[in-house]
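Here the structure comes first, spelled out in structure tokens, and everything after it is commentary.
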Amino acid sequence: MTAKGGGLGIDAIWFSPFFPSPQADFGYDVSDYCNIDSDYGTHEDFDQLVEESHRLGIKIVLDLVLNHSSDQHKWFQESRKNKTNSKADWYVWADPKPDGSPPNNWLAVFGGAAWTYEPQRGQDFLHNFLPEQPDFNWYNPAVREALADVVRFWMKSGADGFRLDTANYYAYDRQLRDNPKRPENSELIEDGQEANPLSQ
């Protein structure tokens, strides 16, 4: 592949996530950030790919999913147990409302509430995508350092750069306030063509 790529004049190869994953979202639910899913090869295969790519002047770019992990990741498995474990604050947790409904009205990108109740811990966790993809608490310095370690690991392994998937979700309203309701007469959804300034 790399030999043909060099002949085509490309200067970089961008890889989708190839890390171990339950595949709830095509690999964007990572269960181990520093390993390679056996379906895609081994670390030795990656080393050979990097060596040959660099010999041809081709850069290696990896897709890193650092907004959330898989719910099968060992960090989340620890975090969901209770409110006092070493990973208790590594994800975004909140108490449900008194009636048992989610902490606020936030919606997930893939539909439905952005919160799922975890009975073992007695709280809801935030997931801006699937319930199988709990969001990291980026306000926790330990989380930021652990994810920086992931970046450092792949840089040492030969990656030249990264695409940071869903980086716009790293920050959130720490007060967990409801999103404002859309006005009933809003044109945004009722007539996308007229409401879209780029369509004029």
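The values are calculated or read from the model by the stated rules, or taken from the named source; none is laboratory data. These numbers were taken from a predicted model, which means no experiment stands behind them. Cβ sites come from the backbone with ideal geometry, for glycine too, and all protein chains shown count toward neighbours.
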Restricting attention to the stretch 24-67, report how many residues are of a type in the set (D, E) and touching a strand residue (DSSP E or B) at 6+ places or on another chain (Cβ under 8 Å).
-> 2
Note: among S70, S79, just one is closer than 24 Å to Q23 by Cβ, of a type in the set (S, T, Y) and within 16 Å of the chain's Cα centre (by Cα), namely S70
When both residues are 6+ apart or on different chains and their Cβ atoms are under 8 Å apart, which pairs have a first residue that lies in the stretch 69-85 and is more than 22 Å from F129 (Cα to Cα), and a second that is charged (D, E, K, R)?
-> N82/R121; K83/R121; N85/E78
Check F129, F125, F110 and return the single one that is among the aromatic types (F, W, Y) and under 19 Å from F19 (Cα atoms).
-> F129
For G111, state whether it is loosely packed, with under 15 Cβ neighbours inside 10 Å, touching a residue at least 12 places away in the same chain (Cβ under 8 Å) and out of contact with any Cys (no Cβ under 8 Å at 6 or more places or on another chain).
-> no
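Quick check: is even one residue across the stretch 73-83 closer than 14 Å to L126 by Cβ, in contact with a Lys or Arg (Cβ under 6 Å, 6 or more places away or on another chain) and modelled with pLDDT of 95 or more?
For the stretch 73-83, residues closer than 14 Å to L126 by Cβ, in contact with a Lys or Arg (Cβ under 6 Å, 6 or more places away or on another chain) and modelled with pLDDT of 95 or more: present.
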Going by the conditions given, is K87 part of a loop (DSSP other than H, G, I, E, B), under 28 Å from N35 (Cα atoms), in contact with a helix residue (DSSP H, G or I) (Cβ under 6 Å, 6 or more places away or on another chain) and not β-branched (V, I, T)?
-> yes
Taking the stretch 28-58 and keeping only residues that are assigned to a helix (DSSP H, G or I) and aliphatic (A, V, I, L, M), one is left with L49, V50
On the given criteria, is D63 in a loop (DSSP other than H, G, I, E, B) and modelled with pLDDT of 95 or more?
-> no
Could you tell me whether P102 is in a loop (DSSP other than H, G, I, E, B), in contact with an Asp or Glu (Cβ under 7 Å, 6 or more places away or on another chain) and modelled with pLDDT of 95 or more?
-> yes
Looking only at the stretch 56-67, decide whether some residue is within 21 Å of D124 (Cβ to Cβ), surrounded by 14 or more Cβ atoms within 10 Å (Cβ to Cβ), in contact with a Ser or Thr (Cβ under 9 Å, 6 or more places away or on another chain) and not hydroxyl-bearing (S, T, Y).
-> yes
Going by the structure shown, is L147 in a helix (DSSP H, G or I) and touching a residue at least 40 places away in the same chain (Cβ under 8 Å)?
-> yes
